[in-house]
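The values are calculated or read from the model by the stated rules, or taken from the named source; none is laboratory data. On a predicted model such as this, the values are computed, not experimentally measured, just so you know. All Cβ positions, glycine included, derive from the backbone under ideal geometry; neighbour counts span all protein chains shown. Protein only, heavy atoms only, side chains kept; ligands, DNA and RNA dropped before computing areas. Shrake-Rupley method; radii C 1.70, N 1.55, O 1.52, S 1.80 Å.
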Amino acid sequence: MLPPITGGGFGAALLQLCSVYYVGCCAVHAVIPSLARPVSKVNQHEPKPGQVAREAVLSLGPLTVKALIFTAVEAMHRSGISFLYSGPVASSQNLFVQVFACCVTIVALDYLHDTWFYFTHLWMHKWRWLYSHVHYLHHQSKVPTAFSGYSLHVAEAALVFFDEIIVCFLFPIHVNVHRLYHLYTTLIHIGGHAGYELHPLVPSLEQVLWLLVGGNKVSMHLNTVLYHCIHHQFPNKHLR
């Protein structure tokens, strides 16, 4: 019998996050490239010796911050001080209605997540003090790897992940959908630092466009791995 998705406290949340993050990192960094050779690297340079190990260790701080936020969300749900709820995803027992309600929630969370990340990331570049004392740590990875995803200062992690609390007060969200979606965003951060374009290897919007349009010409119109890799190399010249 599988353990419940939520309600296990800090330890369970941290275990979930570490499992998703480190398994995802290993898959993107080593397994997928070995099974799908040759992958098209977006950077011909190699990471510095010891970089992957350093990033893996630094990621523990942000994972701990995110686990604390998950724990706070559980506490808010128990106290009834947010729009979080449990039980059926929708009041109707119809499967289509339940799936539709879940999809609507995910789309709303996705827009809010991207909007929050865009403006907080922009702020960390525009405010020089914040960049010099906080965001600089993430940009030490000039050749990003999958483990760069959460190689962040803990203050940056608290800022970036704070939207996971804000959304609880904006509209009704099933507590399990909240947890699963924000575990999924962990994979998004990994994929954005993969070092090679994940499409058409991993299902994504890029893969759909890659299949419909044909080839990598869609890359110039999307925030792809290549674009983010350039941003890591030239943080003050490639931000939009």
Within region 63-99, how many residues are of a type outside the set (Gly, Ala, Ser) and assigned to a helix (DSSP H, G or I)? 18
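Count, please, the residues in region 178-232 that happen to be part of a helix (DSSP H, G or I) and modelled with pLDDT under 65.
15
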Residue hits (region 81-102; surrounded by 12 or more Cβ atoms within 10 Å (Cβ to Cβ) and either of a type in the set (Val, Ile, Thr) or without any contact (Cβ under 8 Å) to a residue 24 or more places away in the chain (or both)) are Pro88, Val89, Ala90, Ser92, Val97, Gln98, Val99, Phe100, Ala101
State yes or no: is Gly87 of a type outside the set (A, V, I, L, M, F, W, C) and at positive phi? yes
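For (1) touching a residue at least 40 places away in the same chain (Cβ under 8 Å); (2) in a helix (DSSP H, G or I); (3) within 20 Å of Tyr181 (Cα to Cα), each residue gets a yes or a no:
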site	(1), (2), (3)
Ala108	yes, yes, yes
His113	yes, yes, yes
Tyr118	no, yes, yes
His125	yes, yes, no
Leu130	no, yes, no
Lys142	yes, no, no
Would you point out which residue out of Val65, Val73, Val23 is surrounded by 12 or more Cβ atoms within 10 Å (Cβ to Cβ), modelled with pLDDT of 95 or more and out of contact with any helix residue (DSSP H, G or I) (no Cβ under 9 Å at 6 or more places or on another chain)? Val23
Limited to region 27-55, what total is found for residues that are in contact (Cβ under 8 Å) with a residue 40 or more places away in the chain and open to solvent by 50 Å² or more (accessible area, probe 1.4 Å)? 7
In region 148-175, how many are more than 27 Å from Ser79 (Cβ to Cβ) and either assigned to a helix (DSSP H, G or I) or hydroxyl-bearing (Ser, Thr, Tyr) (or both)? 4
Among the residues of region 65-75, which ones are more than 15 Å from Leu183 (Cβ to Cβ) and touching a residue at least 60 places away in the same chain (Cβ under 8 Å)? Ala72
